[in-house]
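Enquirer: I'd like to ask some things about the structure below.
Here, each number is a calculation from the coordinates, and none is a lab measurement. All values reported here derive from a predicted model rather than from experimental measurement. Cβ coordinates were reconstructed from backbone atoms using ideal geometry, including for glycine residues, and neighbour counts include every protein chain displayed.
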Amino acid sequence: MKMKKIPLRTCIVSGEKLEKKDLFRIVRTPEGNVIVDDSLKANGRGAYLKKDINVIEKAKKTKILERHLEVSIDETIYDELINKLN
């Protein structure tokens, strides 16, 4: 039986290649809103973050999400990510 290929995505902070289930997807929608995409299929420009408190804190401190999505990120997005971890 042929093995199914598991697609990997890269965390923008750590640079690790991980399965989608191990990552959060943050999306800038075509309207310009920033959301945490639980379905992993929302329309818009996306960026992946590893499900790790240290990675989320580093993304917040270095503003790497703002550079990738080319829009300012509200504090509530980071709070939502931290709450989803717990």
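Enquirer: What do you get for trypsin sites (Lys or Arg not before Pro) in the range 3-55 restricted to DSSP loop and a cutoff of at most 13 other Cβ within 10 Å of the site's Cβ?
Expert: 4, 5, 41
Enquirer: Below 8 Å, C-alpha to C-alpha, sequence gap of six or more: please give me the relative contact order for the range 25-85 in percent. Before the final figure, lay out each step's value.
Expert: On the way: 69 pairs, mean separation 19.8, N = 61.
32 percent.
Enquirer: Something else about it: For the chain, find the longest principal axis of its Cα atoms and tell me its angle to the long axis of helix 75-85, 0 to 90°, nearest 10.
Expert: 40 degrees
Enquirer: Please pull out the direction-averaged projected area of the chain, using the convex hull of its alpha-carbon atoms, in nm² to one decimal place.
Expert: 6.3 nm²
Enquirer: For the Cα atoms of the chain, what angle does the longest principal axis make with the long axis of helix 53-62, in degrees from 0 to 90, nearest 10?
Expert: Taking the Cα atoms of the chain, the angle to 53-62 is about 50 degrees.
Enquirer: For the chain, what is the calculated [θ] at 222 nm in deg cm²/dmol (nearest 500), taking -39500 (n - 2.57) for each run of four or more DSSP H residues and dividing by its residue count?
Expert: Values: 3 runs with 27 residues, N = 86.
About -9000 deg cm²/dmol.
Enquirer: To continue, here is another question. Under 5 Å between amide hydrogens, which residues at least 5 positions from residue 16 or on another chain qualify, with H placed 1.01 Å from N in the peptide plane?
Expert: 11
Enquirer: Now a separate question. Determine the alpha carbon to alpha carbon distance for each of 21/61; 5/60; 4/63; 5/50; 4/58; 5/58 and list only those over 26 Å.
Expert: 5/60; 4/63; 4/58; 5/58
Enquirer: Follow-up. What number comes out for the charge environment of residue 27, summing +1 per Lys or Arg and -1 per Asp or Glu over other residues with Cβ under 10 Å away?
Expert: Around residue 27, the surrounding residues sum to +3.
Enquirer: Mind checking which of 29, 77, 15 is farthest towards the positive end of the chain's charge dipole, using Cβ charges of +1 (Lys, Arg) and -1 (Asp, Glu) about the Cα centre?
Expert: Going by the charge dipole, the pick is 15.
Enquirer: Oh, and also: What's the magnitude of the charge dipole for the chain around its Cα centre, counting Lys and Arg as +1 and Asp and Glu as -1 at the beta-carbon? Answer in Debye, nearest 20.
Expert: 640 debye
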